[in-house]
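**Student:** To start, I am sharing the structure in question, which I have written as structure tokens.
The values are calculated or read from the model by the stated rules, or taken from the named source; none is laboratory data. Given the structure is predicted, the values throughout are model-derived calculations rather than measurements. Ideal geometry is used to build each Cβ from the backbone, glycine not excepted, and the neighbour counts take in all protein chains shown.
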Amino acid sequence: KRLPERKKEGNTRFFDDLLTDLYHALADSPEADALAGALRNRYQAALIDEFQDTDPVQYDIFRRIYAKSDAPLFLIGDPKQAIYSFRGADIFAYFQAANDVAQERQFTLNTNWRSTPKLLDGFNRLFEHARQPFVFDGIPSPPLVPGRAVTEIFGEPPLELCLLDSGDGDGSLKSGDATQFAAEACASMVAETISGGTDASGIAVIVRTHRQARLMQATLRKAGIVSVMRSDESVFASIEAEEVRVLVTALADPGRETLVRAALVTPIFGLNGSDIARLNSNENALADRLQEFRDYHSLWRERGFMVMARELMRREGVRERLLATAGASGERALTNVLHCFELLHREAHACGLGMESLVAWFSERVATRESGEEYQIRLESDEPAVKIVTAHVSKGLQYPVVFCPFQFVGGNGSGEVVLYHDDAGRMVRDFGSASIAHHRTLAARETLAENLRLFYVALTRAEQRCIFFTARIVDGRKSGKPPQLTPASYLLYASDNARRSVDSVAEAADELQAIGVNDMADKLQAMADDSGGAMQVKRLMVGDDYRVSVPSSGSTERPELVLREFRKILETDWRIASFTTLSRHKRVAFELPDRDESAPAEPTAPLVLPETDRSIFAFPKGAGAGILMHSIFETLDFASASDADIDKVCATALDRYDFDAEWQPALADMVRQVLAMPLSSPNGSFTLGSLRKQSWFTELEFFFPLKLITAPELAEVLVKHGVIPSGT
């Protein structure tokens, strides 16, 4: 109850607050009609795509704006693909809209441009509308019509149902055993498909969870099949993120030997327990290692995180070590490590974080496994590879061949708090009322309905061929080992009476308990025989060996490698240098693109200052000081630089580049003097502090090719402007 007041006091608004504020303004405010009219005048038509993923608040906002007018409001959505309830989407908002719109103003788009006609025949048979395939009457399933004539590439029925059989008793399997069996059988069938001429990049394995995705990738790897995971999982949830956290923690505090040892045993360095034991027994070797970490620490402090990370990757051979891992897991690991390095660099650059702050930021995100679009794991390879995607990520995508190996997994409808919709379509939470048993029945029905929609989305990503697995799964934790009702078992085995029942979930589960795998196989075969060649059934027995490898394409003989010789000539009589380098008349090895050389000028007699002097003249010398001052003037807004702004920028820079905070007064005073210093220009003098906003370049890059300038021409220009006397 206090939350709205606290947000108002703190002037804080969330995205949901924007929606609810507008909803109440349109529903309860005396100016509701005027507000709705103003919005209609500004937006004279509205089109909402993916409407099945909206919620009651959003729908009611648009309804109140457009319902009492002639302004057009288009609601476009497919309720069969409403799969984002975990993000707040509510299929009952779609049901309400369908009831509000007159029948003559509702239109159905049933033309499918993705799948082949024969595969669509299989989908139509599986999701037959007359049998309520999606539980609720408000989700119609009209037959899909092909939008174009496509030649069938595969000679066999395109929709394949694989029934897993334990070979014992009624053929039941526990969920864990079935999952492992399905992964191995799926990998075998993928290998067979690739051997038949299908490109690996045209194959997708669609799973329900990230854990299943990792299992599937590991199984494909054992079969010698390259695969990539396309997922919305955060890179912070990966094991490599934890390893990077251990690494940066040690680099930020290289004096703590325990942290350094922990970093050394990560795959990034590749040491093992025996290596650490040898280091502990050899003081010189351990000292060398600790010195290396101190060197990396100094490089990070002086030149930034990414420069240090690249140097560490080069010196320690991280890339080569990770890629040498068997299979494709090395590519995955390297991709995640580089992704983490990039995120660290970006955060350090954007927020000006010092070492400790950056390590704390990264550690917090690893601990919470923070999600976000920029944190999603990336594809680890551009090579032709089998795609492994979750059903939620697959929505809107399509693939020539789709495998769905884990569709026998049911939803989890248990829990102390029951979430369901009442007769008015409102979402309700039951924390333990007298009617909780009935409400649990309603919740189980809604869970089954969403799992069926997720099943539909996964299967219909296929263009030419779709293979899914089903099984009689039992719960070994319960007495009698009752079978679990899954989306596939509901579609394939539930009777019409069970589907029309008030408690359809319980009725279908009871029917499932009465049949074994043999009965299931008979039902599936009858469905396939009646499909007109659109469906086929395979019975997969536990114990059969599905651990096969995909053969290499083409000849097994390796081509003879030829060393190419470089015969061109590299021009070495040119380089890019800064003005500072030219003024020193010295040639140096290299320099950073946006920094002056750090090599000192010719030594002169040092100016002796008291040790207690904290004026700007006593400020430490060197490249670190130059980079610090460079960053201050690079980030400071000259047009609105108040004393507080200058103090804050200077304090931040001192912390970021590891200088004592006691230099802040002198540094800030120096900056104020620079901003107030008169500078000459053709239009009169000016100061940096008097510039208008966005009237300067922070870093002006330019190239001045000296080969186009001769000494006489340069002398003529310098004489003209009075830099040197005439006749020089």
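**Student:** Limited to the range 56-74, what total is found for residues that are of a type in the set (A, V, I, L, M, F, W, C), over 11 Å from Ala46 (Cβ atoms) and either in a helix (DSSP H, G or I) or in contact with a strand residue (DSSP E or B) (Cβ under 7 Å, 6 or more places away or on another chain) (or both)? Please lay out each step first, then the result.
**Tutor:** Of all residues in the range 56-74, those of a type in the set (A, V, I, L, M, F, W, C) come to 57, 61-62, 65, 67, 71, 73-74.
Remaining after also requiring over 11 Å from Ala46 (Cβ atoms): 57, 67.
Adding the requirement that they be either in a helix (DSSP H, G or I) or in contact with a strand residue (DSSP E or B) (Cβ under 7 Å, 6 or more places away or on another chain) (or both) leaves 57.
Number of matching residues: 1.
**Student:** Another question about this same structure. Looking at the range 296-320, I want the residues that are assigned by TED's automatic domain parsing to the domain that holds Thr266 and without any contact (Cβ under 8 Å) to a residue 12 or more places away in the chain and have a partner that is among the aliphatic types (A, V, I, L, M) and buried (at least 18 other Cβ atoms within 10 Å of the Cβ) with Cβ atoms under 7 Å, at least 6 apart or on another chain. Which pairs are those?
**Tutor:** From residues that are assigned by TED's automatic domain parsing to the domain that holds Thr266 and without any contact (Cβ under 8 Å) to a residue 12 or more places away in the chain, the pairs are Val307/Leu299.
**Student:** Residues in the range 192-203: is at least one farther than 22 Å from Glu331 by Cα, in the same structural domain as Tyr456 (by TED's automatic domain parsing) and in contact with a strand residue (DSSP E or B) (Cβ under 8 Å, 6 or more places away or on another chain)? Full working, then the answer.
**Tutor:** As a first pass, look at the range 192-203 and keep what is farther than 22 Å from Glu331 by Cα: 192-193, 195-198.
Checking the rest, the ones that are also in the same structural domain as Tyr456 (by TED's automatic domain parsing) come to 192-193, 195-198.
Remaining after also requiring in contact with a strand residue (DSSP E or B) (Cβ under 8 Å, 6 or more places away or on another chain): 193, 198.
For the range 192-203, residues farther than 22 Å from Glu331 by Cα, in the same structural domain as Tyr456 (by TED's automatic domain parsing) and in contact with a strand residue (DSSP E or B) (Cβ under 8 Å, 6 or more places away or on another chain): present.
**Student:** What's the number of the condition Gln132 fails, among (1) assigned by TED's automatic domain parsing to the domain that holds Thr198; (2) under 20 Å from Tyr493 (Cβ atoms)?
**Tutor:** (1)
**Student:** Turning to a different aspect of this structure: Pull up the range 121-149, narrow it to residues that are free of Cβ contacts under 8 Å to residues at least 60 places away in the same chain and aliphatic (A, V, I, L, M), then point me to the one that is surrounded by the most Cβ atoms within 10 Å (Cβ to Cβ).
**Tutor:** Leu144
**Student:** Still on this structure, I have one more. Among Ala67, Ala97, Ala71, Ala102, which is the only one that is over 30 Å from Leu159 (Cβ atoms) and buried (at least 19 other Cβ atoms within 10 Å of the Cβ)? Before the answer, list the steps.
**Tutor:** Working: Ala67 fails: buried (at least 19 other Cβ atoms within 10 Å of the Cβ); Ala71 fails: buried (at least 19 other Cβ atoms within 10 Å of the Cβ); Ala102 fails: buried (at least 19 other Cβ atoms within 10 Å of the Cβ).
Result of the check over Ala67, Ala97, Ala71, Ala102: Ala97.
**Student:** Could you grab the pairs with beta carbons closer than 9 Å, sequence gap of 6+ or different chains, first residue in the range 664-678 and among the basic types (Lys, Arg), second one surrounded by 14 or more Cβ atoms within 10 Å (Cβ to Cβ)?
**Tutor:** Going by the 9 Å Cβ cut-off, the qualifying pairs are Arg672/Ala641; Arg672/Ile646; Arg672/Gly689.
**Student:** Does Ala309 meet the test of being surrounded by fewer than 17 Cβ atoms within 10 Å (Cβ to Cβ) and assigned to a helix (DSSP H, G or I)?
**Tutor:** Numbers: surrounded by fewer than 17 Cβ atoms within 10 Å (Cβ to Cβ): no; assigned to a helix (DSSP H, G or I): yes.
Taking the combined requirement at face value, the residue does not satisfy it.
A quick yes/no check of all residues on (1) loosely packed, with under 14 Cβ neighbours inside 10 Å; (2) of a type in the set (Asp, Glu); (3) in a helix (DSSP H, G or I); (4) within 39 Å of the chain's Cα centre (by Cα):
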residue	(1), (2), (3), (4)
Glu634	yes, yes, yes, yes
Ala644	yes, no, yes, yes
Cys650	no, no, yes, yes
Leu654	no, no, yes, yes
Glu662	yes, yes, yes, no
Leu667	no, no, yes, no
Met670	no, no, yes, no
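**Student:** Quick check on the range 78-90. Is at least one of its residues modelled with pLDDT under 90, over 20 Å from Leu491 (Cα atoms), of a type in the set (Lys, Arg) and not assigned by TED's automatic domain parsing to the domain that holds Phe403?
**Tutor:** Yes, the range 78-90 has at least one match.
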